[in-house]
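Each remark here refers to the structure printed beneath this line.
The values are calculated or read from the model by the stated rules, or taken from the named source; none is laboratory data. Just so it is clear, the structure is predicted and the values come from calculations on it, not from any experiment. Every residue, glycine as well, gets a Cβ built from its backbone with ideal geometry; the counts of neighbours run over all protein chains shown.
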Amino acid sequence: MRVEPNFRTLAALAVFLLTGCANLTAPMHRRALAVPTDAFLYGRFSLAAFKNALGEHPIVGLDFACEKDDTHYNIGFSIDEPLQVIKISGGNTCSLESLIFATTSDGRAVRKPAPEEFRAVIRFEPGTAYYLGDFSGSCFLGDVSPGLELKCELYDPQDHYEQTTAELRSAFRGMSRIPTENKALLPGHMSHREL
């Protein structure tokens, strides 16, 4: 007896394989003190998107995979506060693994592999803050018959190291004396579309 593939089963399997939760790493609070055993990732992660009636917006993020304890740090883009600092374990070796897209914070996430040119392995030493670049993206609803579909786009990151670092030192008082290093992820062709 031959079993024909069931579209519903295949669709459910595809969604299962491509999705996960949109768990973002909490950024540091602006008044938090920097601990010298940690390393810090910072930059601007700006999102232009609509908010729903609950004030939620689509999630766009960068997933950094780190070797120490096989940890992932997910940096989310923000409409309101794009300048972010993420604390990670010092002495960690990490690389950008995937791009994250989700409809809302409690929605299922789609993870797409990061473009190869952005997958450089970087060692993050304790007591140093590493500038990753100024990233921007947008999400919008597009007409797709028979309804609407969320589409997201990421743009090539920009290197505004000096300006963003000056803003970091002003906005995050606990980071004012931490040495910084420019590790901007700048190869071209970051543009990505479709969720």
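Looking at Ser136, Ser105, which is the one that is surrounded by fewer than 18 Cβ atoms within 10 Å (Cβ to Cβ) and either at pLDDT 90 or above or not in a strand (DSSP E or B) (or both)? Walk me through it before giving the result.
Working: Ser136 fails: surrounded by fewer than 18 Cβ atoms within 10 Å (Cβ to Cβ).
Unique residue meeting the criteria: Ser105.
Being part of a strand (DSSP E or B) and either at pLDDT below 90 or polar (S, T, N, Q) (or both) is the filter here; which residues of region 153-165 pass it? Before you say what the answer is, go through the steps one by one.
Our first condition is that a residue be part of a strand (DSSP E or B); within region 153-165, this holds for 153-158.
Across region 153-165, the qualifying residues are Glu153, Leu154, Tyr155, Asp156, Gln158.
Looking at this structure, is Lys51 outside any strand (DSSP E or B) and either at pLDDT below 95 or surrounded by fewer than 15 Cβ atoms within 10 Å (Cβ to Cβ) (or both)?
On the way: outside any strand (DSSP E or B): yes; either at pLDDT below 95 or surrounded by fewer than 15 Cβ atoms within 10 Å (Cβ to Cβ) (or both): yes.
Spelling it out, Lys51 is indeed outside any strand (DSSP E or B) and either at pLDDT below 95 or surrounded by fewer than 15 Cβ atoms within 10 Å (Cβ to Cβ) (or both).
So, of the residues in region 108-123 that are in a loop (DSSP other than H, G, I, E, B) and hydrophobic (A, V, I, L, M, F, W, C), which turns out to be modelled with the lowest pLDDT?
Filtering region 108-123 down to residues in a loop (DSSP other than H, G, I, E, B) leaves 114-115, 119-121.
Filter once more, keeping what is hydrophobic (A, V, I, L, M, F, W, C): 114, 120-121.
Working: Ala114: 90, Ala120: 86, Val121: 91.
Here the answer is Ala120.
Considering only residues that are in contact (Cβ under 8 Å) with a residue 60 or more places away in the chain and under 18 Å from Arg31 (Cβ atoms), look in region 71-88 and name the one that is surrounded by the most Cβ atoms within 10 Å (Cβ to Cβ). If you could, list the steps in order and put the result at the bottom.
Filtering region 71-88 for residues in contact (Cβ under 8 Å) with a residue 60 or more places away in the chain gives 77, 83, 85-86.
Checking the rest, the ones that are also under 18 Å from Arg31 (Cβ atoms) come to 83, 85-86.
On the way: Leu83: 19, Val85: 22, Ile86: 24.
Here the answer is Ile86.
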Checklist outcome for this item: Expected output for region 50-70 (first residue among the polar types (S, T, N, Q), partner modelled with pLDDT of 85 or more, Cβ below 8 Å, 6+ apart or cross-chain) is none
Item to check | Residue that is surrounded by 14 or more Cβ atoms within 10 Å (Cβ to Cβ), modelled with pLDDT of 95 or more and aliphatic (A, V, I, L, M), where the choices are Leu185, Leu195, Leu168, Leu150 | outcome: Leu168
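Looking at this structure, is Leu83 closer than 14 Å to Leu185 by Cα and touching a strand residue (DSSP E or B) at 6+ places or on another chain (Cβ under 9 Å)? I'd like the intermediate steps shown before the answer.
Values: closer than 14 Å to Leu185 by Cα: no; touching a strand residue (DSSP E or B) at 6+ places or on another chain (Cβ under 9 Å): yes.
No: the conditions fail for Leu83.
Please determine, by comparing only the residues of region 124-133 that are of a type outside the set (S, T, N, Q) and in a loop (DSSP other than H, G, I, E, B), which one is surrounded by the fewest Cβ atoms within 10 Å (Cβ to Cβ).
First, the residues of region 124-133 that are of a type outside the set (S, T, N, Q): 124-127, 129-133.
Next cut, in a loop (DSSP other than H, G, I, E, B) only: 125-127.
Working: Glu125: 12, Pro126: 15, Gly127: 14.
Result: Glu125.
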